[in-house]
Amino acid sequence: MEQYDFEALGHKAAKPFRKLEIFPKPNGVEKVVLESDEVTSLCPVTGQPDWENVLIEFAPDKYCIESKSLKLYLWSFREEGMFCEALSAKIAQDVFEICKPRWCTVTVSQKPRGGITITASATFGEKSDDKR
């Protein structure tokens, strides 16, 4: 079995961790989809909690995201004030910077508050049919 030097996976986690960890993409993997419906953040104006569903889709070039580090990363937004639109852009930018996929789209759907659901998507890179 291959050895990895993860800081999150295989270790106890008692607090959020704002670091995404990666591992080499297995051969044949063309698209990865990660989703969580347990994300919370705060409204940057009122401080009220917001609950979000986060969908991360990317076409890995060389790396994939380790899921425990993603869980702890998403947890790190719990006490942070951020609009839904900014949250989608922040996560997409961080994913794109750490694993350097061909493209990455993050869709955040904020659960209704006041009867309004907000869905925002951010994309980095360009989706295409061409495979490297």
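Computed from Cα positions, the angle between helix 84-99 and the longest principal axis of the chain comes to roughly 20 degrees. By the beta-carbon count within 10 Å of each Cβ, the least crowded to most crowded order of VAL106, VAL33, fewest first, is VAL33, VAL106. For SER76, nonlocal amide neighbours, meaning residues 5 or more places apart or on other chains whose placed amide H falls under 5 Å from its own, are PHE17.
222 nm [θ] for the chain, helices only, -39500 (n - 2.57) per DSSP H run of 4+, per residue, to 500?
Values: 2 runs with 25 residues, N = 132.
The helix-only estimate for the chain comes to -6000 deg cm²/dmol at 222 nm.
Look at the dipole of the chain built from charges on Cβ: of TRP51, ALA13, ALA89, the Cα furthest out on the positive end belongs to ALA13. For GLU21, nonlocal amide neighbours, meaning residues 5 or more places apart or on other chains whose placed amide H falls under 5 Å from its own, are GLU66, SER69, LEU70. When +1 charges are put on Lys and Arg Cβ atoms and -1 charges on Asp and Glu Cβ atoms, the dipole computed for the chain relative to its Cα centre reaches about 120 debye.
By its C-alpha gyration tensor, with a ≥ b ≥ c as the square roots of the eigenvalues, how is the chain shaped: rounded for a/c under 1.5, else prolate for a/b larger than b/c, else oblate? Since a/c reaches 1.5 but b/c is at least a/b, the shape of the chain is classed as oblate. Here the 3J(HN,Hα) profile of region 122-127, calculated from phi with Karplus coefficients 6.51, -1.76 and 1.60 at θ = phi - 60°, is 10, 10, 10, x, 10, 6 Hz, Gly and Pro shown as x.
What does the charge count around LEU55 come to, taking other residues whose C-beta lies under 11 Å from its C-beta (Lys +1, Arg +1, Asp -1, Glu -1)? Display every interim value, and only then the final one.
Working: positive: none; negative: GLU35, ASP37, GLU52, GLU57.
The answer is -4.
In a DSSP loop and with at most 13 other Cβ atoms within 10 Å, the GluC sites (Glu not before Pro) in region 21-124 are GLU30, GLU79. Considering only CYS84, CYS99, CYS43, the mean-square fluctuation computed in a Gaussian network model of the chain, springs between alpha carbons under 10 angstrom, is largest for CYS43. Applied to region 32-41, the Karplus parametrisation 6.51 cos²θ - 1.76 cosθ + 1.60 on θ = phi - 60° returns per-residue 3J(HN,Hα) values of 10, 10, 10, 9, 9, 10, 10, 9, 10, 8 Hz, with x for Gly and Pro.
Any read-out appearing in this document is the output of simple, stated calculations on the displayed coordinates, not a laboratory observation. Everything quoted here is computed from the prediction, not taken from an experiment. In this analysis, Cβ positions are derived from the backbone assuming ideal geometry, glycine residues included, and neighbour counts consider all displayed protein chains.
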